[in-house]
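Single-structure report; data block below.
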Amino acid sequence: MHAWGGSTRKQRLPRTWSHLRSQVMRRDAYTCQINGPDCVRVATDVDHIQRGDLHELDNLQAACKPCHARKSAREGVQGRARRAALRLRPAERHPGLTGEH
Ligand SMILES: [Zn+2]
């Protein structure tokens, strides 16, 4: 058993991740770049700007825990919300049809 615990997320990261991560942190001065409502501004995480497996400096930014968690949760919800919106499209109204002659 590993002390750091294992997530599938970690296993997908490249071997250069720790190096990349420190480059992003230094570039962003260990300051959260998302700066959301609960932001603590001290970055402890590195966030992927575009969701996915593009592990490049251009797609990475420093993020604090609350912002990172919030962004990840929102990205998870967006796919479901989009599908739900397609089902729940409101019926169109035709205000011209009043039935009067
Ligand atoms: Zn933040």
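The values are calculated or read from the model by the stated rules, or taken from the named source; none is laboratory data. All figures in this text were calculated on a predicted structure; none of them were measured in a lab. Using ideal geometry, Cβ is built from the backbone for each residue, glycine included, and neighbour counts are taken over all protein chains shown. The area values use the complete protein model at the heavy-atom level, side chains included, leaving out ligands, DNA and RNA. Shrake-Rupley method; radii C 1.70, N 1.55, O 1.52, S 1.80 Å.
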**Item:** Residue count for segment 35-74, restricted to those that are assigned to a helix (DSSP H, G or I), within 13 Å of the ligand (Cβ to nearest atom) and charged (D, E, K, R)
**Value:** 3
**Request:** Give me a count of the residues in segment 22-34 that are more than 17 Å from the chain's Cα centre (by Cα) and in a helix (DSSP H, G or I).
**Result:** 5
**Prompt:** Among the residues of segment 19-34, how many are of a type in the set (Ser, Thr, Tyr) and either at pLDDT below 95 or within 12 Å of the ligand (Cβ to nearest atom) (or both)?
**Reply:** 2
**Message:** I need every pair where a residue in segment 15-44 that is hydrophobic (A, V, I, L, M, F, W, C) has its Cβ under 6 Å from the Cβ of a residue that is open to solvent by 90 Å² or more (accessible area, probe 1.4 Å) and within 16 Å of the ligand (Cβ to nearest atom), sequence separation at least 6 or different chains.
**Reply:** CYS32/ARG41; ALA43/TYR30
**Asked** In segment 55-79, which residues are surrounded by 17 or more Cβ atoms within 10 Å (Cβ to Cβ) and aliphatic (A, V, I, L, M)?
**Response** LEU60, ALA62, ALA63
